[in-house]
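First up is the structure itself, then whatever we jot down about it.
None of the figures in this text is laboratory data; all of them are computed from the coordinates on show. Keep in mind that what you see is a predicted model, and the values were worked out from it rather than measured. Using ideal geometry, Cβ is built from the backbone for each residue, glycine included, and neighbour counts are taken over all protein chains shown.
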């Protein structure tokens with residue numbers, strides 16, 4: 001957001017992130033909406049997002065342990081997967097919720113690289129146990145779609161929404 005020249009602050013949402021019968025892309029948009037609603041204050045425009053990794057029908061959220069992160073990375077090794085980010089842009093008067101989907105192909109990951117990454121702690125708090133903006137970029141062989149979506153916020157679609165709503169002005 002800072003490279004758009006938009007002043008912003010970060011708030012930690014407090015909301016229920018459990019969704020029964022999780023379905024993509026609807027559920028990831030609902031999670032973004034819940035986050036936005038949980039931090040909305042009078043006069044604000046909120047941008048909230050939630051990212052999920054899906055591979056072969058399996059949903060990979062944030063790993064709960066090093067062991068789960070290791071298992072995620074081994075599973076993703078050499079495979080294509082989808083990164084879905086739901087975004088909710090919200091004010092008191094209006095709401096726009098959308099998603100972006102990006103396909104990502106991982107290289108075959110040697111065990112040593114996975115172990116190095118786990119020891120770096122970069123996997124923590126990241127859907128699919130990796131971040132494209134850090135050492136996890138080494139895992140990526142090919143991307144089809146919006147790279148910034150893989151980082152966690154499809155900034156192009158977000159900017160379009162802010163511009164259309166008059167929030168972003170040059």
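Data overview
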item: Contact order relative to length of the chain, as percent, for alpha carbon pairs under 8 angstrom and 6 or more apart; result: 22 percent
item: Considering only the chain, percent of DSSP beta bridges that pair antiparallel, nearest 5; result: 100 percent
item: FRET E, pair residue 137, residue 42, Förster distance 45 Å, beta-carbon r, rounded to 0.05; result: 0.70
item: Nearest 10 degrees, 0 to 90: helix 66-76 Cα axis against the chain principal axis; result: 80 degrees
item: Crossing angle, helix 26-39 versus the chain [Cα axis fit, 0-90 degrees, rounded to tens]; result: 50 degrees
item: The chain - mean residue ellipticity at 222 nm from DSSP helices (-39,500 (n - 2.57) per run, n ≥ 4, rounded to 500); result: -8500 deg cm²/dmol
item: Residue among 19, 59, 140 with the largest mean-square fluctuation in a Gaussian network model of the chain, springs linking Cα atoms under 10 Å; result: 19
item: Length added when fully stretched, residue 77-residue 11, from 0.36 nm per residue minus Cα-Cα; result: 20.4 nm
item: Cα long-axis angle, helix 111-120 against the chain (0 to 90 degrees, to the nearest 10); result: 40 degrees
